[in-house]
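A quick write-up on the structure given underneath.
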């Protein structure tokens with residue numbers, strides 16, 4: 001290893017140089033009357049294993065030394081400073097011309113791109129669980145559609161990455177006739193205008209096998225606000241209609257895997273995976289009603305997922321995603337779906353009648369807070385029984401006032417076909433399992449006595 005020839009400058013003005021790790025300090029001292037100007041030039045030391053790096057210098061050390069001495073003769077302090085700066089630059093250029101006179105080339109031109117490119121590893125084989133999820137998604141994604149409410153103006157909301165119109169949601173293809181199932185609240189703006197059956201209320205995007213989104217008019221077939229369900233129909237080629245496979249929500253168990261497909265924040269056909277977290281939950285729907293029997297999941301459900309399918313591990317539809325429990329507007333790991341048992345019952349009615357035909361007693365039941373004020377802690381209290389109704393013919397009695405103005409409680413329903421009823425909400429939930437014309441056995445309490453009355457159910461008004 002050789003040190004740069006610049007170190008010979010240490011002899012200038014009888015001053016000694018000192019070596020400080022990365023550089024050499026050359027003190028240059030000059031006498032100027034009473035003033036003494038001291039300048040130190042710090043020069044980076046250069047080391048090399050190649051002797052030809054400094055084989056030829058553009059200026060000799062002796063010339064540099066003589067030039068520095070000449071600078072001080074007859075110079076003012078300001079001139080001295082400027083001249084010393086020029087001298088410093090000259091010394092630096094002498095020490096390492098390759099470093100300061102030209103840019104050093106980066107990289108190694110002798111290497112080829114192939115030599116510096118790491119080998120690309122193939123995808124390999126997926127784990128069995130991954131392969132199963134991939135197959136489930138690929139087999140069901142074409143059954144999922146994107147739905148836009150047509151009453152929305154082109155005023156958009158910024159979500160950070162894309163712009164989403166309010167009312168953007170999902171849906172599932174129900175059959176080969178082009179029926180599409182979604183949530184009532186997804187097309188709520190259109191439904192608030194009381195559209196007639198067959199009227200266009202939404203735009204529906206269907207994914208083709210080529211990955212292209214094709215847009216169709218969604219015409220209203222029927223809607224049920226109480227269950228937050230709606231049915232649209234599109235006139236699309238049959239090869240684009242991939243109906244979903246209906247599963248049994250009654251056989252779902254907590255802990256089993258589930259998948260949700262939808263269009264959260266406008267990102268179409270997004271898959272999220274989770275487990276069933278709970279069953280028989282009361283869903284407080286965006287339509288303002290409570291839906292019983294809901295399925296709870298931790299699969300991420302965000303705005304835009306509404307109306308999309310919740311699938312079991314076999315790819316069967318077990319629910320329609322409808323709501324999330326959150327304080328931020330995004331998924332917090334608590335999502336809800338309308339069970340497929342409810343969907344399978346309501347959707348055919350919407351297709352056939354345009355509305356849900358729900359069985360009931362057609363009696364006025366006291367809301368739970370009112371019943372509690374009347375000291376009814378268990379059961380559904382009957383307030384009114386319409387004249388000539390099937391309930392009146394069966395002998396059910398309403399709540400009345402006595403001669404003294406006191407309240408005489410009516411019949412309290414405590415069970416339907418041995419299914420316990422503790423409140424009005426539970427009575428509605430139990431009756432959802434029946435059809436119009438079914439006969440049920442009611443267990444009631446009347447003035448402290450327990451009675452059983454058979455009643456035929458009629459269409460709920």
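No lab work stands behind these numbers, since they all come straight from the coordinates. Every value quoted in this text rests on a predicted model; they were computed, and no experiment measured them. Cβ coordinates were reconstructed from backbone atoms using ideal geometry, including for glycine residues, and neighbour counts include every protein chain displayed.
See the values below:
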read-out: Shape category assigned to the range 375-445 from the gyration tensor of Cα positions, a/c cut at 1.5; value: oblate
read-out: Förster radius 35 Å - calculated FRET efficiency between residue 394 and residue 175, Cβ distance, rounded to 0.05; value: 0.35
read-out: Simple spin-label estimate for residue 267 and residue 375 in nanometres, 7 Å along Cα-Cβ; value: 5.9 nm
read-out: Gain in span if fully extended, residue 279 to residue 460, counting 0.36 nm per residue against the direct Cα distance; value: 62.5 nm
read-out: Computed lengthening from residue 387 to residue 141, 0.36 nm per intervening residue step minus Cα-Cα distance; value: 83.4 nm
read-out: Footprinting exposure proxy for 458, 114 (fewest neighbouring C-beta atoms within 10 Å first); value: 114, 458
read-out: Principal axis dimensions, the range 155-303 - Cα atoms, whole angstrom, descending; value: 39, 37, 37
read-out: Length added when fully stretched, residue 126-residue 238, from 0.36 nm per residue minus Cα-Cα; value: 37.0 nm
read-out: Rounded FRET efficiency, nearest 0.05, which uses the C-beta distance separating residue 441 from residue 248 and R0 of 30 Å; value: 0.65
read-out: Förster-model FRET efficiency, 22 Å R0, residue 344 and residue 418, C-beta, rounded to 0.05; value: 0.35
read-out: Exposure proxy ranking, count of Cβ atoms within 10 Å, fewest first, for 206, 320, 412; value: 412, 206, 320
read-out: Relative contact order [Cα under 8 Å, 6+ residues apart], the range 249-353, whole percent; value: 25 percent
